[in-house]
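Below: the structure, in structure tokens.
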Amino acid sequence: MRASLMPPHAWPRIAPFAAYMAFVVLADLLARAGWAAPSLLWLYPLKIAAVVVLLLCYRRHYAELAAGRPRWRELWLALAAGVLVLVLWLHLDADWMVMGTSPGYQPLEQGRLHWPLLLVRLAGGVLVVPLMEELFWRSFLLRWISAPDFLAQSPAAVTLRAFVVAALLFGVEHQLWLAGVVAGAVYSGLYMYSRNLWTPILAHAITNGGLGLWIIATGNWTYW
């Protein structure tokens, strides 16, 4: 990747995502080094805190968030899309649709729910992760693949190649890779249609919130 192709205004959208992924790698390394699972649970609040700090530091750079509330039609589409992705996420879990294994995030202490950790995990998934990921995947990467000067690129005019590549990479980020590809395609489609980043952010938050509540209700922690 040539440095000339990476404009300075890309970094405010890359840095929060990079910090999030750095904590994912750190957690994996510590687990391999023998750290106990209960100790690793506390990395999540630190990870979310780091992302929030970066989002706040760069908040003046996010002109795409100043577009205002989506129109009512787009709000309903975001709701429908968020629920659709949630349903597909819970069903696209055949062996060939899963990449690797993970114990998931189990906020348990002596067999009982650790509510502070659980609530931080749920809030992070609903309020922080959708904002951070949509700034990176949709606002930056989707448009940047189409044009290096991505801020000048209308979401409605991104290329088919950008749409496909962004969806595939979003899938690779997740253990349920096929569900991730579908989610990436849906969220990108919402952004391209509405040209308002809040639309896929809302859909993403609905998916994550519904998934979190289902995980808590069923105890299927591997989905976290």
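For this structure, a couple of remarks:
- Verdict on Gly210 being free of Cβ contacts under 8 Å to residues at least 60 places away in the same chain and of a type outside the set (Phe, Trp, Tyr): no
- Of the helices (runs of 4 or more DSSP H) lying entirely inside segment 105-219, those carrying at least 3 residues that are of a type in the set (A, V, I, L, M) are 115-123, 129-134, 160-172, 177-194, 198-218.
- Only one of Leu43, Leu54 that is among the hydrophobic types (A, V, I, L, M, F, W, C), surrounded by 12 or more Cβ atoms within 10 Å (Cβ to Cβ) and farther than 20 Å from Leu141 by Cα: Leu43
- Residue within segment 89-99 that is surrounded by 14 or more Cβ atoms within 10 Å (Cβ to Cβ), modelled with pLDDT under 95 and either aromatic (Phe, Trp, Tyr) or over 19 Å from Trp214 (Cβ atoms) (or both) present: yes
- So Ala37, is it touching a Pro at 6+ places or on another chain (Cβ under 9 Å), more than 17 Å from Arg143 (Cβ to Cβ), at pLDDT below 95 and surrounded by fewer than 16 Cβ atoms within 10 Å (Cβ to Cβ): yes
- All positions within segment 134-156 that are open to solvent by less than 10 Å² (accessible area, probe 1.4 Å) and closer than 18 Å to Val53 by Cα: Glu134, Leu135
- In segment 135-152, the residues that are free of Cβ contacts under 8 Å to residues at least 12 places away in the same chain reach residues that are open to solvent by 20 Å² or more (accessible area, probe 1.4 Å) and part of a loop (DSSP other than H, G, I, E, B) with C-beta atoms within less than 7 angstrom, at least six apart or across chains, in these pairs: Ala147/Gln153.
A quick yes/no check of all residues on (1) modelled with pLDDT under 95; (2) within 30 Å of Pro148 (Cβ to Cβ):
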| position | (1), (2) |
| --- | --- |
| Pro12 | no, yes |
| Leu86 | no, no |
| Pro107 | yes, no |
| Leu113 | yes, no |
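- Taking segment 84-115 as the range and being without any contact (Cβ under 8 Å) to a residue 24 or more places away in the chain and on the phi > 0 side of the Ramachandran plot as the test, the residues that pass are Gln110, Gly111.
- Scanning segment 67-86 turns up at least one residue that is within 19 Å of Gly180 (Cβ to Cβ), part of a helix (DSSP H, G or I) and open to solvent by 80 Å² or more (accessible area, probe 1.4 Å).
- Of all residue pairs spaced 6 or more apart or on separate chains, those with beta-carbon atoms under 6 Å, a first member in segment 41-61 that is under 11 Å from Ala15 (Cα atoms) and without any contact (Cβ under 8 Å) to a residue 60 or more places away in the chain and a second member that is among the small types (Gly, Ala, Ser) and not in a loop (DSSP other than H, G, I, E, B) are Ala50/Ala19; Leu54/Ala15; Leu54/Ala19.
- Counted residues, segment 90-125 - those being more than 22 Å from Trp177 (Cβ to Cβ) and among the hydrophobic types (A, V, I, L, M, F, W, C): 9
The values are calculated or read from the model by the stated rules, or taken from the named source; none is laboratory data. Here the structure is a predicted model, which means the values were calculated and not measured. In this analysis, Cβ positions are derived from the backbone assuming ideal geometry, glycine residues included, and neighbour counts consider all displayed protein chains. All accessible areas refer to the heavy atoms of the entire protein, side chains included, with ligands and DNA or RNA removed. Shrake-Rupley method; radii C 1.70, N 1.55, O 1.52, S 1.80 Å.
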